[in-house]
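Chemist: Just dropping this structure here.
The values are calculated or read from the model by the stated rules, or taken from the named source; none is laboratory data. Owing to the predicted nature of the structure, the values given are computational and were not obtained by experimental measurement. When we count neighbours, we look across all protein chains shown, and the Cβ atoms used for this are built from the backbone with ideal geometry, even at glycine.
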Amino acid sequence: MPSPSTTQSKSRKAKKGTVQVKNSNDRLQLVFSWQRQRYYFSTGLPDSPINRKLAEQKARQIELDFVSGNFDPSLDKYRPEVELSESQRKTPATPKLLDLWEQYMEYRTPNISPTTLNSTYEPVAAHIRKCRTDGLKNPLKFRTELLKVTTESQARRSLMQISAACDWGLKHNLLQENPFSGMYLDMLQSKAPPPVAFTVEERDRIIAAFVNDSRPGTDYRHYTPFVKFLFWTGCRPCEAIGLRWGSVLTDCSRVHFHESIVEISGRKVRRKEDKTAVKRWFTCPDNLKELLQSIRPEHPDPEALGDFRERRYQIKQGESGYPTWVAKDCVLTCSPLLSSLLWKVRY
């Protein structure tokens, strides 16, 4: 026979705004009233001490939602995710392709060089803007439009980058699928011819052509130290352009390659690293050591650029404010002298 206290507790009415945990057919159930409506929420859990603790946690969550005004009358909020139907699950709205790409660029920017951003990522954004169709809504039509606004090789590279952006979007729950997965593989890949290094004889003939250039009005002899430095170190032109005396030992026996000057969207920008972000020391052979000693000022400014030519030819002011080498017309874009010279040397 139940005690009077037990009978009294069973007949006691639940306080307003509270959720009771009850046993219904050996399953735990949450019972409560809200805004004059009675709710019966089955947890689906068998009645056990551990499951009662879980049910009590769910009950407290509902009570807190009463107080904060976040109660969900449909009760979907309180169901385990596996119980929700596909239509009940909230899926993120699919962004436009350009929005996704700009988010991806912003995410990648801290980990890539300014040159890569300018030459690889920004062209993709430009291609997307030229296409009227949103690629995430109709990827095949977008592909057709892309081939009309650029070359097949550029379109292939753009689709490869877009596919990577979609994979990133999947990882961060911005997309449900990658509609561009593998699409670029169906397009022909242009292959650049393998590089053919100059022989020692060819190198010396090129240097000699600069040393002996005496054409009226187009004298390139002042570029000789720069050309020698490129050949004798094997460094990139942007590294030689950005080299400062502070990166050369006092006796000119070693050079520290750790920064460069690059052109980005028409601006000269100094990078505090080279293309591969690998800082390296280069030990100078005797001929290079003598070259550096011959052009090194007695007390050079560590921040000054290395003087690879006569001062009147040495520097100009770049748009970014940094002094930059005037070697672009000679080395970086291949001057008429160098073009004809390379043809004669090799062919």
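Chemist: Being touching a residue at least 60 places away in the same chain (Cβ under 8 Å) and in contact with a strand residue (DSSP E or B) (Cβ under 7 Å, 6 or more places away or on another chain) narrows it down to one residue among R271, R254, R280, R205; which is it?
Modeler: From the options R271, R254, R280, R205, the qualifying one is R271.
Chemist: Quick check on the range 149-171: of everything there that is among the β-branched types (V, I, T) and part of a helix (DSSP H, G or I), which residue is surrounded by the most Cβ atoms within 10 Å (Cβ to Cβ)?
Modeler: The residue in question is I162.
Chemist: Give just the number: which of (1) modelled with pLDDT of 85 or more; (2) among the β-branched types (V, I, T); (3) in a helix (DSSP H, G or I); (4) closer than 30 Å to S158 by Cα does T133 not satisfy?
Modeler: (3)
Chemist: Also, I was wondering about something else. Which of the helices (runs of 4 or more DSSP H) contained wholly in the range 1-118 include at least 1 residues that are modelled with pLDDT of 75 or more and closer than 30 Å to D134 by Cβ?
Modeler: Those helices (runs of 4 or more DSSP H) span 97-108.
Chemist: Give, as residue ranges, the strands (runs of 3 or more DSSP E) completely inside the range 250-347 that count at least 1 residues that are touching an Asp or Glu at 6+ places or on another chain (Cβ under 8 Å) and at pLDDT below 85.
Modeler: Correct list: 260-264, 267-271.
Chemist: When you scan the range 211-228, how many residues do you find that are within 25 Å of G242 (Cα to Cα) and modelled with pLDDT of 85 or more?
Modeler: Residues meeting the conditions: 6.
Chemist: Okay, moving on. Can you give me the number of residues within the range 177-198 that are at pLDDT below 90 and among the polar types (S, T, N, Q)?
Modeler: Qualifying residue count for the region: 2.
Chemist: Still on this model: Only one of (1) of a type outside the set (D, E); (2) within 18 Å of the chain's Cα centre (by Cα); (3) not in a loop (DSSP other than H, G, I, E, B) is not met by L146, so which one is it?
Modeler: Answer for L146: the failing condition is (2).
Chemist: May I ask you to verify whether H258 is under 38 Å from the mean Cα position of the chain (by Cα) and either of a type outside the set (S, T, N, Q) or surrounded by fewer than 18 Cβ atoms within 10 Å (Cβ to Cβ) (or both)?
Modeler: yes
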